[in-house]
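*Asks:* Structure incoming, see below.
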Amino acid sequence: VHIDKKTWSPGLEIVDAQASVTLPTTDTVFAPSSMTVVESYGFNYDVATGIITFNTSSSYAISMSYNAQPPSSNKVIYFYAEAKAPGGSWAPITYSGRQLELPNSVETQVVVTAAKYFAMGTQLRFHIWGSASGIAMKTSYLDGLTTVYKPAFRCQIA
């Protein structure tokens, strides 16, 4: 008998592979109903609210990607994260804000990465919205491959 020993470490992967997710035009917590938790060790994710709860105190690497496509040129997509410590209130995470101007009707993959310490019980949520109606996040498949794709939204935390 061979036993493979691996050090346990928290890991979370949340994916939304809808063909298209239309973004709101006002600051909104991102929590589409079709999010799928691919992996969750050491976290709780509430699909209804988009809130991630950390079950272990540690420093975490966060990587988020989404494929934005505007209906016309000079449209902007906005993003920021906020956290709430146990017993505290929601507050934006310093330096988490991003905005990106999107080219005319061209799908653009946006990648946001960060590393931060979160105490056990801390909650995290993301705000994503667009400057105009019709901006969407879209799942794209690589040419000729229906199993290899860039989901509309992916968040990985480890």
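*Asks:* Accessible area per residue of the chain at 1.4 Å probe, in Å²?
*Replies:* With all protein chains present, the chain gives 54 Å² per residue.
*Asks:* While we're looking at this one, here's another question. Run the dipole for the chain about the Cα centre, Lys and Arg Cβ at +1, Asp and Glu Cβ at -1, nothing else charged, and hand back the magnitude in debye, nearest 20.
*Replies:* 220
*Asks:* Residues with amide H under 5 Å of THR56's amide H, sequence separation 5 or more or different chain, H placed in the peptide plane at 1.01 Å from N; which?
*Replies:* The list, which skips near neighbours in sequence, is GLY121.
*Asks:* Between ALA91 and ASP143, take the C-beta separation as r, use R0 = 41 Å, and let me know the FRET efficiency to the nearest 0.05.
*Replies:* My answer for the efficiency is 0.40.
*Asks:* Got the relative contact order for the range 48-132 handy, in percent, Cα pairs under 8 Å and 6 or more residues apart?
*Replies:* Here the relative contact order equals 49 percent.
*Asks:* Hey, of (i) 14.3; (ii) 11.4; (iii) 10.0, which did the structure itself give for mean projected area of the Cα convex hull in nm² when calculated?
*Replies:* Of the listed options (i) 14.3; (ii) 11.4; (iii) 10.0, (ii) comes from this structure.
*Asks:* Expressed as a whole percentage, what fraction of the accessible surface of the range 11-158 belongs to carbon and sulfur atoms when a 1.4 Å probe is rolled over the protein heavy atoms?
*Replies:* Answer for the range 11-158 is 51 percent, counting heavy atoms of protein chains only.
The values are calculated or read from the model by the stated rules, or taken from the named source; none is laboratory data. Since the model is a prediction, treat every value here as computed from it, not as a measurement. Using ideal geometry, Cβ is built from the backbone for each residue, glycine included, and neighbour counts are taken over all protein chains shown. Ligands, DNA and RNA are stripped out before the accessible areas are found, and what is left, the full protein with its side chains, is counted by its heavy atoms. Shrake-Rupley method; radii C 1.70, N 1.55, O 1.52, S 1.80 Å.
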